[in-house]
Amino acid sequence: MNLSDIIIRSIEKTDVNNRHDFFLELAHTTTGVINTPQEIGVIPYDTKEQIDYFLQKKFLWLVATYQEKIIGEIDIIPYQAVKTKHVAKLTIGILPNFQSLGLGSKLMENALKWAKANRLERIELFVFASNEKAINLYKKFGFIIEGERKNFIKLANNAYENDLLLAKYL
């Protein structure tokens, strides 16, 4: 399997169950996700609401599929206040078996192209400080570390994880 076998496209209303399953699997398999599987739940209602909201607002939400299964995603949510409409928050997630194939770069390229076309000036994201693979991807695309939230994430074993704020100016 290689990158040419993966399809990147906009999310659709019919993706509700597939996207819910993806997010649940991502929460089970990685430590870089803020939500626990219990918070995601077994009913995809919240996913339907999220998809409807993104489609109504015309925000960016791309999914990467392999054999019709969602295996990665990226989204950009512009801030809505007048004074911060030039800023948006980016999130990205890729299932571990599909990492290190160049998919993160492909998703990021598409997202940044969309951000520029929509006249955004600043893209920001948050990442666990221990997620070196993700941090390297962000730095490759010109994101810089602007801040660190100490002990922001409390893990299941009662240990703490710092969270980094990275930003890119377009």
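The values are calculated or read from the model by the stated rules, or taken from the named source; none is laboratory data. Everything numeric here is computed off the predicted structure, so don't read it as measured data. A quick note on method: Cβ atoms are made from the backbone with ideal geometry, for glycine too, and the neighbour counts reach across all protein chains shown. Calculation scope for accessible area: heavy atoms of the full protein, side chains included, ligands and nucleic acids excluded. Shrake-Rupley method; radii C 1.70, N 1.55, O 1.52, S 1.80 Å.
Summary table below
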item: Computed E for Lys140/Thr84 - FRET, C-beta separation, R0 25 angstrom, nearest 0.05; result: 0.45
item: Within the accessible area of the chain (1.4 Å probe), percent carbon and sulfur; result: 51 percent
item: Sites Ser10 and Tyr160 - FRET efficiency at Förster radius 41 Å, r taken between beta-carbons, to 0.05; result: 0.65
item: Mean separation of Cα contacts under 8 Å (6+ apart) over length of the chain, as relative contact order %; result: 18 percent
item: Scattering curve values for the chain, log₁₀ I(q)/I(0), Debye with Cα scatterers, q = 0.08, 0.14, 0.20 Å⁻¹; result: -0.24, -0.77, -1.58
item: Probe 1.4 Å, accessible area per residue of the chain, Å²; result: 58 Å²
item: Percent of Cα-Cα distances greater than 15 Å, calculated over region 96-170; result: 60 percent
item: 26 Å Cα-Cα threshold exceeded, pairs from Lys58/Lys133; Lys113/Lys154; Lys58/Lys106; Lys85/Lys154; Lys85/Lys150; result: Lys58/Lys133; Lys113/Lys154; Lys85/Lys154; Lys85/Lys150
